[in-house]
Structure formats: structure tokens, C-alpha cells
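Peer 1: Quick one: the structure is below, questions incoming.
The values are calculated or read from the model by the stated rules, or taken from the named source; none is laboratory data. Keep in mind that what you see is a predicted model, and the values were worked out from it rather than measured. Heads up, the Cβs are rebuilt from the backbone with ideal geometry, glycines too, and the neighbour counts pull from every protein chain shown. Side chains included, ligands, DNA and RNA excluded: accessible areas come from the protein's heavy atoms. Shrake-Rupley method; radii C 1.70, N 1.55, O 1.52, S 1.80 Å.
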Amino acid sequence: MFEGFLKVRPACQACGYDLASVETGDGAATFIMQIAGFLVGFSALAVEIAWRPPLWLHLVVWLPLVAALALGLMRPGKGLMTALQMLRTRDPK
């Protein structure tokens, strides 16, 4: 389904569906930012309340975690948004 990290192929290799007509926009990125922000934000808040670590430790732990979550969820999120749009635009037979 993907040629690169997030670039969608022009057509599906299995069924030939025209993937060039599917446009997901920034929908996946919006949801991913909200999910990653919620998880990391509330985790950092819980750690701050429980142990009060120094600021540098927060930065060392939470910044890479939010980046890893965002990048790790982006491809499945874009695939899901593409599949949902394909499902909604398919001609009923």
C-alpha cells in the first residue's frame, strides 16, 4: 500500500484499486498528535506528581517517547484513514 514511509502507491497491488483518488489529508496526523499528546502528557504529569524528577530528566524521557509514538503510529493511522475512505467511496454492487 505504501511506496515510502507515508507515500501511498498509485494503485493497490492486490486488487488494482485506484489509490491515487484516496486523499486522507491531515486526518491521521491530527488523531496521532492527540493520542500521543494525551499519553505522554498525562504520564509526565503523573511522574511529576509522584517523584518530582528534574526537568532535564523529563526532557530526556518524554521527548523521545512522544517522537517514537508519533512516528510509530503514523503509518498505521494513515493506512486506517485510507481504508476507511476506500470503504466509504466504494460503489455498492
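Peer 1: If you take the C-alpha gyration tensor of the stretch 18-66, multiply each eigenvalue by 5 and take the square root, what semi-axes do you get, largest first, in whole Å?
Peer 2: Working from the Cα gyration tensor, I get semi-axes of 34, 10, 5 Å.
Peer 1: To the nearest 10 degrees, how steep is helix 27-51 against the longest Cα principal axis of the chain, on a 0 to 90 scale?
Peer 2: It is inclined by approximately 20 degrees.
Peer 1: Assign unit charges at the C-beta atoms only (+1 for Lys and Arg, -1 for Asp and Glu), then state the dipole size of the chain relative to its Cα centre in Debye, rounded to the nearest 20.
Peer 2: Computed charge dipole of the chain: roughly 160 debye.
Peer 1: May I pose another question? How large is the convex hull of the Cα atoms of the chain per residue, expressed in Å³ as a whole number?
Peer 2: Measuring per residue, one finds 106 Å³ for the Cα hull of the chain.
Peer 1: Still on this model: How large a share of the accessible area of the chain, in percent, is made up of carbon and sulfur atoms when the probe is 1.4 Å and the other protein chains stay in place? Walk me through the numbers on the way to the answer.
Peer 2: Numbers: 4680 of 6770 Å².
Whole-percent figure for carbon plus sulfur exposure: 69.
Peer 1: To the nearest 10 degrees, how steeply does helix 55-89 sit against the main Cα axis of the chain, on a 0 to 90 scale?
Peer 2: 20
Peer 1: Can you compute the helix-only [θ] at 222 nm over the chain? Use -39500 (n - 2.57) per DSSP H run of at least 4 residues, normalise by all residues, nearest 500 deg cm²/dmol.
Peer 2: -23500 deg cm²/dmol
Peer 1: May I pose another question? Find the accessible area per residue for the chain; the probe is 1.4 Å, ligands and nucleic acids are left out, and the unit is Å².
Peer 2: Using a 1.4 Å probe on heavy atoms only, each residue of the chain averages 73 Å².
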